Amino acid sequence: MRVGIIGIGTVGQALARGFLRAGVEDLAGTTAHPASAERARRALGIPVSTDNRALVCDRDILILAVKPSAVAGVVGEIAPRVTPHQTLVTLAAATPTARVEGLLGSGVPVIRAMPNTPCAVGAGMTVLCPGRSAGPDQLSAVQALFATVGRVALVEDEDLMSVVTALSGSGPAYTFIILEALSEGGVKMGLPRALATELAAQALLGGAALALESGQHPALLKADV
């Protein structure tokens, strides 16, 4: 599976690191500027350039990891070279698949995805929503790709993707707020910072794992503690 990531920024790099950890070998990407491309190339050890059109030519799955404000320009740039034999996965929040399909104008399968940064360590959560031209084969391939970096869920109602963005996409930030607060509390009570952070992080990790594995309501798990 030849994968290309257009926009090796925060989320793009998180995905790239996760894919590489999972053994995805044929991976390449682009950034907007030569300096950032060079930094990403050194950090990830994969081909990274500033040429979006060249990247498109030999990739099976294209992941569009640019900001929503840049979608129109980037898709317009690559549209002449994208074919219906490829699949475009868009990560842009608040950008419907219909808009991306309209910009492509070529019947290219489009799948909207919302991953999160824990994908970098194989503990991510990605939600997929297929566009009109994406069939079972394309959805299965994209699902398999993102399953290498964590859990994957599907939604059919694209309006729910905004909720997914707020809950799952932004959710790790709230986890880090809790982690910081717990860790600081431990430090104030005399624990070394490294130990306090480890205790807090493992408590959150273990609690989340227990919730997923047990299937119990969080209120019941809280009562057990």
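The values are calculated or read from the model by the stated rules, or taken from the named source; none is laboratory data. Since this is a predicted model, take the numbers as computed values, not measurements. Note that we place each Cβ from the backbone using ideal geometry, even for glycine, and neighbour counts take in every protein chain shown. We work out accessible area using only protein heavy atoms, side chains counted, and drop any ligands, DNA or RNA first. Shrake-Rupley method; radii C 1.70, N 1.55, O 1.52, S 1.80 Å.
Quick notes on this one:
- Within segment 73-92, considering residues that are touching a residue at least 40 places away in the same chain (Cβ under 8 Å) and touching a helix residue (DSSP H, G or I) at 6+ places or on another chain (Cβ under 9 Å), the one surrounded by the most Cβ atoms within 10 Å (Cβ to Cβ): V89
- Residues in segment 141-164 that are closer than 22 Å to L20 by Cβ and hydroxyl-bearing (S, T, Y): 1 in all.
- Residue in segment 80-99 that is assigned to a helix (DSSP H, G or I), more than 24 Å from V155 (Cα to Cα) and not aromatic (F, W, Y) present: yes
Each row is one residue, and each column tells you yes or no for (1) farther than 20 Å from A65 by Cα; (2) touching a residue at least 12 places away in the same chain (Cβ under 8 Å); (3) loosely packed, with under 12 Cβ neighbours inside 10 Å; (4) not hydroxyl-bearing (S, T, Y).
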position: L128; (1), (2), (3), (4): no, yes, no, yes
position: V149; (1), (2), (3), (4): no, yes, no, yes
position: T165; (1), (2), (3), (4): no, yes, no, no
position: L179; (1), (2), (3), (4): yes, yes, no, yes
position: M189; (1), (2), (3), (4): yes, no, yes, yes
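- For segment 55-72, the candidate set comprises residues that are in contact (Cβ under 8 Å) with a residue 60 or more places away in the chain and open to solvent by less than 40 Å² (accessible area, probe 1.4 Å); within that set, the residue that is farthest from P109 (Cα to Cα) is A70.
- Residues that are in a helix (DSSP H, G or I) and within 13 Å of the chain's Cα centre (by Cα) within segment 139-170 comprise V142, Q143, L145, F146, A147, V164, T165, S168, G169, listed in sequence order.
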